[in-house]
1. What pairs can you find where one residue is in the stretch 163-183 and free of Cβ contacts under 8 Å to residues at least 24 places away in the same chain, the other is among the aromatic types (Phe, Trp, Tyr) and surrounded by 11 or more Cβ atoms within 10 Å (Cβ to Cβ), and their Cβ atoms are less than 7 Å apart, with a gap of 6+ or different chains?
2. Only helices (runs of 4 or more DSSP H) wholly contained in the stretch 145-202 count here; list those with 2 or more residues that are among the basic types (Lys, Arg).
3. When you look at Pro176, is it surrounded by fewer than 12 Cβ atoms within 10 Å (Cβ to Cβ) and outside the structural domain of Pro53 (by TED's automatic domain parsing), yes or no?
4. Select, from Ala79, Ala74, Ala67, the only residue that is in a helix (DSSP H, G or I), surrounded by fewer than 16 Cβ atoms within 10 Å (Cβ to Cβ), of a type in the set (A, V, I, L, M) and at pLDDT 95 or above.
5. Looking at this structure, is Leu129 part of a loop (DSSP other than H, G, I, E, B) and touching a helix residue (DSSP H, G or I) at 6+ places or on another chain (Cβ under 8 Å)?
6. Restricting the search to the stretch 159-185, which residues are aliphatic (A, V, I, L, M) and out of contact with any strand residue (DSSP E or B) (no Cβ under 9 Å at 6 or more places or on another chain)?
7. Any chance the stretch 156-169 includes a residue that's at pLDDT 95 or above, over 16 Å from the mean Cα position of the chain (by Cα) and not basic (Lys, Arg)?
8. Kindly list, by first and then second residue, each pair from a residue in the stretch 106-123 that is modelled with pLDDT of 90 or more to a residue that is of a type in the set (Phe, Trp, Tyr) and part of a loop (DSSP other than H, G, I, E, B), limited to pairs with Cβ atoms under 9 Å and residues at least 6 apart or on different chains.
Amino acid sequence: MKLYFTPGACSLAPHIALRELGISCELQKVDLATHRTDTGEDYYTINPKGYVPAITLDNGELLTEVAVILQYLADQKPASGLSPRSGTMDHYRLIEWLNFITSEIHKQFGPMFNPKITPEWKQNQMNALGRRFDYLSTHLNNRNFLLGDSFTIADAYLFTVLSWSGYLNMDLGKWPRIKDYIARVAARPAVKEAMREEGLIK
């Protein structure tokens with residue numbers, strides 16, 4: 001397999017999952033400004049959508065979208081516990097969280113990286129994220145991870161998007177449970193390995 005990634009982007013989530021699962025995978029860095037890989041390939045010829053992550057499977061098929069890639073990876077090693085067994089209520093809860101992270105957190109952060117964002121638009125995004133953080137903070141009360149005491153692929157995704165608050169200088173002081181959650185996930189060996197590989201930490 002080959003994972004196409006950009007350091008610190010949402011592709012960090014499947015990178016973390018790969019490390020957690022102990023699955024070997026070639027990494028290919030993509031410059032999203034030029035849409036070139038670090039080997040000089042036109043990324044659009046690999047993934048017509050133009051964004052990361054994308055993963056090429058051993059049979060040559062291309063798989064895209066964070067939540068789908070995460071579920072595919074977890075399904076390669078079902079005994080890992082990174083995804084509850086299909087058909088269980090816990091598995092539907094996992095899907096529920098993956099969808100919430102995608103639509104209600106990830107997509108709220110996205111516009112804030114646009115250099116043309118207006119102060120009014122930015123404040124609107126901040127207000128929306130604040131409401132999501134309020135909900136998330138309540139959920140994390142007495143829970144180490146989204147589904148309880150077990151780290152799952154949803155946590156890999158949530159940690160990745162929450163880490164963007166640092167790049168945007170967002171003050172998370174109002175949500176100490178979220179700050180604790182970020183620190184707890186960041187301390188995991190697999191997370192450190194992925195972040196170090198991407199040059200995000202030393």
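1. From residues that are free of Cβ contacts under 8 Å to residues at least 24 places away in the same chain, the pairs are Ile182/Phe159.
2. Values: elements: 153-162, 164-167, 176-186, 189-197.
Once the helices (runs of 4 or more DSSP H) in the stretch 145-202 are filtered for at least 2 residues that are among the basic types (Lys, Arg), what remains is 176-186, 189-197.
3. yes
4. When all the criteria are applied, what remains is Ala79.
5. no
6. Within the stretch 159-185, Val161, Leu162, Leu168, Met170, Leu172, Ile178, Ile182, Ala183 meet the criteria.
7. No - not one qualifying residue is present in the stretch 156-169.
8. none
The values are calculated or read from the model by the stated rules, or taken from the named source; none is laboratory data. This one's a predicted model, so the numbers in the text were calculated from it and none came from an experiment. Backbone-built Cβ (ideal geometry, glycine too); neighbour counts: all protein chains shown.
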